[in-house]
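Asker: Here it is, the structure in full.
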Amino acid sequence: SPHFLFNSINTLTSLIKTNSPKSLEFINMFSRLFRNVLEIKDRQLIKISEELNHVNTYIYLQRMRFGESLVFDSHIDASVLEHYTPPFTLQMIVENAIKHNVITEQQPLKIEVYSEGQYIIIRNNLQKRTVMEESTNTGIVNIISRFHYLCDLAPEFYVNHPYYYAKIPIIKE
């Protein structure tokens, strides 16, 4: 997204000024993420293990921006990793959590990804920003329509204070 690209360039600019070795690390991870996008963007499904690797690279870059204020924890059963999801599904949900919530040392954002039954759950503590960034509001609609086309289970998105939840069906081919 243009929003992610803009923030990445700002983070890189800051790192170049303050920490040249970290800036090279950022460039390497950013190119890995971009290469991954190019490799999977046209596929209808990818293994959950591939999607999780993509998310981990994305989180790595975001941690360079937010430091320890961004906490990410993943507990997906090994048996689930070989099943499928549409590309960028988990990444879009994680990106939305970062985009729509306050992330500070005093209020760290905690994102947890785990498997439960026929779903992958993405949960984050809810601490909405008072000033919202511009949004196209297409992410969740896009995810729901892709799953409607691919399987009988539908994704679910809801708030159960103090958390926001996204339940994503696991697709078994």
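Asker: Got a number for carbon plus sulfur as a percent of the chain's accessible area, 1.4 Å probe? Intermediate results must be reported in sequence, preceding the final value.
Answerer: Values: 5270 of 9910 Å².
Carbon and sulfur together cover 53 percent of it.
Asker: Then there is this: May I ask you to list the lysines whose Cα is less than 25 Å away from that of Lys110, ignoring any residue fewer than eight positions away on the same chain?
Answerer: Within the straight-line cut-off, Lys110 pairs with Lys22, Lys47, Lys99, Lys128, Lys167.
Asker: Relative to the longest principal Cα axis of the chain, at what angle does helix 139-150 sit, 0 to 90 degrees, rounded to 10?
Answerer: Helix 139-150 sits at roughly 30 degrees to that axis.
Asker: Using the Cα centre of the chain as the reference point, and only Cβ charges (+1 on K/R, -1 on D/E), how large is the resulting charge dipole? Debye, rounded to the nearest 20.
Answerer: On the way: 17 positive and 18 negative charges, 97 e Å.
Using Cβ point charges on Lys, Arg, Asp and Glu, the chain gives about 460 debye.
Asker: Same structure, new question: Evaluate the Kirkwood expression for the hydrodynamic radius of the stretch 80-173, namely the inverse of the mean inverse distance over all pairs of different C-alpha atoms, and round to one decimal in Å. All intermediate terms of the calculation are to be shown ahead of the outcome.
Answerer: Details: mean 1/r = 0.0712 Å⁻¹.
For the stretch 80-173, inverting the mean 1/r across all distinct Cα pairs yields 14.0 Å.
Asker: Using the eigenvalues of the Cα gyration tensor, what equivalent ellipsoid semi-axes result for the chain when each is taken as the square root of five times the eigenvalue, whole Å, largest first?
Answerer: 26, 19, 15
Asker: Which is farthest toward the positive dipole end of the chain among Phe30, Ile16, Val55, measuring Cα position about the Cα centre, with Cβ charges +1 (Lys, Arg) and -1 (Asp, Glu)?
Answerer: The Cα lying farthest towards the positive end belongs to Ile16.
Asker: So, one more: For helix 48-66, what angle does its Cα long axis make with the longest principal axis of the chain, in degrees from 0 to 90 and rounded to 10?
Answerer: Long axis of 48-66 versus the principal axis of the chain: about 30 degrees.
Asker: May I pose another question? What length, rounded to one decimal in nm, is gained on full extension from Asn56 through to Thr18, with 0.36 nm per residue of separation minus their alpha-carbon distance?
Answerer: Roughly 11.2 nm would be gained on extension.
Asker: How many nm is it between the label spots at Leu5 and Asp77, if each spot is 7 Å from the Cα in line with the beta carbon?
Answerer: 4.0
Asker: Obtain the nm distance between the two label points defined at Tyr163 and Tyr149 by a simple spin-label model: each point lies 7 Å from its Cα along the Cα-to-C-beta direction.
Answerer: Once both label points are built, they end up 3.1 nm from each other.
The values are calculated or read from the model by the stated rules, or taken from the named source; none is laboratory data. These numbers come from a predicted model, not from an experiment. Every residue, glycine among them, receives a Cβ derived from its backbone with ideal geometry; neighbour counts consider all protein chains shown. Heavy atoms of the whole protein, side chains included, go into the accessibility calculation; ligands, DNA and RNA do not. Shrake-Rupley method; radii C 1.70, N 1.55, O 1.52, S 1.80 Å.
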